[in-house]
Amino acid sequence: MHGKIRVLFAVSEVYPLIKTGGLADVGHSLPHALDRVGADVRLVMPAYRAVLEQTASMKAIGWLTIQGAERQLEVRILEASAAEISVPLWLVDCASLFDRPGNPYLRADGGDWHDNAERFTVFSRVIAQLAADRLETGWLPDVVHCNDWQTGLVPAFLSQQRQRPKTVFTIHNLSYGGHYGPDEFHRLHLPWRWWDVDGMEFYGGFSMLKAGIVFADEVTTVSPTYAREICTADFGCGLQGVLQVNRHKLHGILNGIDEGVWNPETDSLLPAHYSAQRRQPGKSINKRALLQHFGLSCDEKSDHVPLFGMVGRLVQQKGVDLILDALPRLLVQTEACFVFVGSGQSEYEQRLRAFADQYPRRIGVYVGYDEKLAHLVEAGADMFLMPSRFEPCGLNQMYSLRYGTPPIVYRTGGLADTVFDADDVHVDRKVANGFVFDELSVDGLIDAVSRAIHLFGQTRRWQTLQRTGMHQSFGWEHSAMIYLSLYQGAALPQAHE
């Protein structure tokens, strides 16, 4: 093999160009981490309108004629530069598919774009062509790393090529499967031999995510625990049988976080900086700023009143219903205050706003997303609420640990892999960094919150808990080295190990 391993990293969203969730964070951080550990990376994504508006010095490196839905499409490949992206960026430019406003997958009314099947089939076909160097750039990848259903067809298309790169397919969230019907399959001119239970057929339709699992050489997901969970009926979204059959190539590799962006010592979005060695007065200054932002009680006693924060989507997956059902008891039984930042199901938004109206000095709510406020919650809260029903990896619990804000989590997915419960044994061994509960119920959550409040009152033990979390490293380099080993053919632990 030539010097550096060449990786074509294919993803449908990349921070800061366009983001709907954690996929975009990985789409930015992992390619850059791979670059730092010695890979030769090209990053490829669709040329959405929002992306084109943020890129500079674009040049066309070629055109491809690609099969769409009952039509041939002319697709231009652009090489572009953009702020905060230092690896070569390739954009798949097809105006009829990608030049539209807003969310990359959804219309303004929240429904899917009617042509998503065509959009991401064309995107996948282009990636397979680029992987074969159809544009004769002289750059042939050794590995094509695909991410989620939007690129699930890439390993299938590459399977048709006699000489092809290795394919790695990463599942970021199994609950989004890219499911479409037989009419779409026919209109997209996909080979009928793939319409098979051992191919991509799925309950009378086809699944792009299943295609990725079946056809890729290696399949990864974003934490070791989630890799085991998705092989069960409770978490498998109907694909558990497929995953069990393919368990020999399924690996859980924990996501990292960008420790340059999420660092309380240098975070430009915070009123005050602090470190693991010297948390005060910085953490208290941030707490008071957070309380004042929401108009909550803020006086000399505030440092001793526990403040719980949450940042995230207000949906059932995130356990918001458990929090809402626990709040009446917590407000009566404790002095604690709560702040919430996020948006989601209107019912949850309305219930949180009603609590804030009823308890204006104890509950603050911001419906929407605000990056600066998200950083202030991580730094200013005393504890972070994250009782997700399932969580493939999770990032906020890692941010919280880094900011000395112990998280409260249900034992699932990446939460189970990163948060270690503050029971007596873990605290004494100095490995505890948060609060974990095993019973997915209001009582289970209240018990964990109560334990957190109790330990918060024991200053020295609480400081040990904070320090333990803050000293942990969740940077991408470790995970990038594991991916590099996988690309190069090293044996990794499988999902059942």
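Taking R0 as 25 Å, what's the FRET efficiency between LYS4 and TRP63 from their Cβ-Cβ distance, rounded to 0.05? Please report the intermediate quantities before stating the final value.
Numbers: r = 28 Å, r/R0 = 1.12.
The formula returns an efficiency of 0.35 here.
Using +1 at the Cβ of each Lys and Arg and -1 at the Cβ of each Asp and Glu in the chain, identify which of VAL154, TYR274, LEU8 lies farthest towards the dipole's positive end.
TYR274
About the Cα centre of the chain, what is the dipole size in debye to 20, counting +1 per Lys and Arg Cβ and -1 per Asp and Glu Cβ, all else neutral?
Details: 46 positive and 57 negative charges, 140 e Å.
Result for the chain is approximately 680 debye, rounded to the nearest 20.
Net charge around LEU376, counting only other residues with Cβ within less than 14 Å of its Cβ (Lys, Arg = +1; Asp, Glu = -1)? Walk me through the numbers on the way to the answer.
Working: positive: LYS283, LYS287, ARG288, LYS372; negative: ASP267, ASP370, GLU371, GLU378, ASP382.
Around LEU376, the surrounding residues sum to -1.
Along the charge dipole of the chain, which of ALA108, SER223, ASN246 sits closest to the positive end, that is, farthest toward it, with unit charges on the beta carbon of Lys, Arg, Asp and Glu (+1, +1, -1, -1)?
SER223
Nearest 5 percent is fine: what portion of the DSSP beta bridges confined to segment 282-471 is antiparallel? Walk me through the numbers on the way to the answer.
Working: 0 of 20 bridges.
Of all bridge pairs located within segment 282-471, approximately 0 percent are antiparallel.
I'd like to compare 100-111, 74-85: which one has the highest average count of other Cβ atoms within 10 Å, and what's the full order after that? Please report the intermediate quantities before stating the final value.
On the way: 100-111: 12.3, 74-85: 16.8.
Top to bottom by mean Cβ count within 10 Å: 74-85, 100-111.
Based on the Cβ-Cβ distance from ASP443 to ASP423, what FRET efficiency comes out when R0 is 25 Å, to the nearest 0.05?
Numbers: r = 18 Å, r/R0 = 0.71.
Working from the Cβ atoms, E equals 0.90.
Over the residues of segment 282-471, compute the C-alpha Rg and express it relative to 2.2 N^0.38 Å.
Working: Rg = 15.0 Å, N = 190, 2.2 N^0.38 = 16.2 Å.
Here the answer is 0.93, to two decimals.
Which three extents, in angstrom, do the Cα atoms of the chain have along their principal axes, listed largest first?
So the extents along the principal axes, rounded to whole Å, are 68, 45, 45.
Which order do the peptides 397-405, 178-186 come out in when sorted by mean C-beta neighbours inside 10 angstrom, highest first? Write down the numbers at each step before the final one.
Details: 397-405: 26.9, 178-186: 16.6.
By packing density, highest mean first, the sequence is 397-405, 178-186.
Mind giving me the nanometre distance, one decimal, between the label points for VAL37 and GLN358, set 7 Å out from Cα along Cα→Cβ?
The two pseudo-label positions are separated by 4.9 nm.
Determine the relative contact order of segment 253-400: mean sequence separation of Cα pairs under 8 Å and six or more apart, normalised by residue count, in whole percent. Working shown, then result.
Details: 210 pairs, mean separation 46.8, N = 148.
Once normalised by length, the contact order is 32 percent.
For GLN317, put the label point 7 Å out on the Cα→Cβ axis and report which residues of segment 323-366 keep their amide N under 18 Å from it.
323, 341-349, by backbone N distance to the label point.
Going 7 Å from the Cα of HIS114 toward and past its Cβ, which residues in segment 56-96 have a backbone nitrogen under 20 Å from where you end up?
From segment 56-96, the list is 68-73, 94-96.
So, by mean Cβ neighbours within 10 angstrom, what's the order for 410-421, 368-379, 263-274 with the highest one leading? It would help to have the intermediate numbers written out before the result.
Numbers: 410-421: 23.5, 368-379: 19.1, 263-274: 17.2.
Highest mean packing first, the order is 410-421, 368-379, 263-274.
Dipole of segment 282-471 (Lys/Arg Cβ +1, Asp/Glu Cβ -1, origin at the Cα centre): which of GLN466, LEU331, PHE437 lies farthest to the positive side?
Positive-end residue among those listed: GLN466.
Over 24 Å between C-alpha atoms is what I'm after, so list which of LYS283/LYS372; LYS301/LYS430; LYS249/LYS318; LYS19/LYS318; LYS19/LYS287; LYS372/LYS430 land there.
On the way: LYS283/LYS372 16 Å; LYS301/LYS430 29 Å; LYS249/LYS318 29 Å; LYS19/LYS318 19 Å; LYS19/LYS287 28 Å; LYS372/LYS430 31 Å.
Violating the 24 Å Cα-Cα cut-off are LYS301/LYS430; LYS249/LYS318; LYS19/LYS287; LYS372/LYS430.
Antiparallel DSSP bridges in the chain: what percent, to the nearest 5? Spell out each step's value before the answer.
Values: 22 of 67 bridges.
Looking only at bridges with both residues in the chain, the antiparallel portion is about 35 percent.
Below 12 angstrom from the Cβ of PRO271, what's the summed charge of the other residues (Lys, Arg +1; Asp, Glu -1)? Before the final figure, lay out the partial values.
Numbers: positive: LYS283, LYS287, ARG288, LYS372; negative: ASP267.
Here the count lands on +3.
Show that you can apply the helix-only estimate: for the chain, add -39,500 (n - 2.57) for every DSSP H stretch of four or more residues, divide by all residues, and state [θ] at 222 nm to the nearest 500. All intermediate terms of the calculation are to be shown ahead of the outcome.
Values: 19 runs with 179 residues, N = 497.
About -10500 deg cm²/dmol.
Only the coordinates and a few stated rules stand behind these numbers; no lab work does. As the structure is a prediction and not an experimental result, all values here were calculated from the model. Every residue, glycine among them, receives a Cβ derived from its backbone with ideal geometry; neighbour counts consider all protein chains shown.
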